[in-house]
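Right, one structure below, let's go through it.
The values are calculated or read from the model by the stated rules, or taken from the named source; none is laboratory data. Since the model is a prediction, treat every value here as computed from it, not as a measurement. Note: ideal-geometry Cβ built from the backbone for every residue, glycine included; neighbour counts use all protein chains shown. To get the accessible areas, we keep the full protein, side chains included, count just its heavy atoms, and leave off ligands, DNA and RNA. Shrake-Rupley method; radii C 1.70, N 1.55, O 1.52, S 1.80 Å.
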Amino acid sequence: QVQLVESGGGLVQPGGSLRVSCAASGIPFSIYVMKWHRQAPGKQRELVATITNSGAATYVDSVKGRFTISRDNVNYMAYLQMNNLKPEDTAIYYCNANFAKNSYWGQGTQVTVSS
């Protein structure tokens, strides 16, 4: 059974930092491309960051220089380090694993940026 479980969301003030984590099981994690998406209230889901199985990372323009995606292929974990958070980063953050035609999603973790 494939599972992706996100954790680490919460409430943070503008300018603060959070790290969200994704624990994967039931897949050969090291071959999967891992992605973080987010969905804000009333908006479409947005791809935030991608990391390939070899560690190459890409980001949406709005988070470049503030967010860092990483992965641990030994412990089947993916991470999104978020710094200098802004109110517009408020959203549910979803972990997504992709290989060929297979695509799996976690249940999401809420990140709220507010003073």
Problem set entry | Close pairs (8 angstrom Cβ cut-off, 6 or more residues apart or separate chains): among the hydrophobic types (A, V, I, L, M, F, W, C) in segment 61-78, surrounded by fewer than 16 Cβ atoms within 10 Å (Cβ to Cβ) and part of a loop (DSSP other than H, G, I, E, B) anywhere | PHE67/ASN83
Exercise. Condition test on LEU4, is it surrounded by 14 or more Cβ atoms within 10 Å (Cβ to Cβ), within 30 Å of SER115 (Cβ to Cβ) and modelled with pLDDT of 95 or more?
Worked result: no
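Is it the case, given these coordinates, that ALA24 is modelled with pLDDT of 95 or more, over 10 Å from the mean Cα position of the chain (by Cα), surrounded by 14 or more Cβ atoms within 10 Å (Cβ to Cβ) and among the hydrophobic types (A, V, I, L, M, F, W, C)? Don't jump to the end; show me each part of the working.
Values: modelled with pLDDT of 95 or more: yes; over 10 Å from the mean Cα position of the chain (by Cα): yes; surrounded by 14 or more Cβ atoms within 10 Å (Cβ to Cβ): yes; among the hydrophobic types (A, V, I, L, M, F, W, C): yes.
Taking the combined requirement at face value, the residue satisfies it.
Of all strands (runs of 3 or more DSSP E) completely enclosed by segment 56-111, which ones contain at least 2 residues that are in contact with a Ser or Thr (Cβ under 8 Å, 6 or more places away or on another chain) and closer than 14 Å to GLY9 by Cα?
Strands (runs of 3 or more DSSP E) meeting the threshold: 77-82, 91-99.
Working carefully through the options VAL12, VAL33, VAL48, find the one that is modelled with pLDDT of 95 or more, over 19 Å from ASN98 (Cα atoms), open to solvent by less than 60 Å² (accessible area, probe 1.4 Å) and of a type outside the set (S, T, N, Q).
Details: VAL33 fails: over 19 Å from ASN98 (Cα atoms); VAL48 fails: over 19 Å from ASN98 (Cα atoms).
The conditions single out VAL12.
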Exercise. In this structure, does GLN44 turn out to be assigned to a loop (DSSP other than H, G, I, E, B), touching a residue at least 24 places away in the same chain (Cβ under 8 Å), over 21 Å from SER114 (Cβ atoms) and not hydrophobic (A, V, I, L, M, F, W, C)?
Worked result: no
Exercise. Mind checking which residues of segment 51-64 are farther than 15 Å from GLU88 by Cβ and open to solvent by 70 Å² or more (accessible area, probe 1.4 Å)?
Worked result: ASN53, SER54, THR58
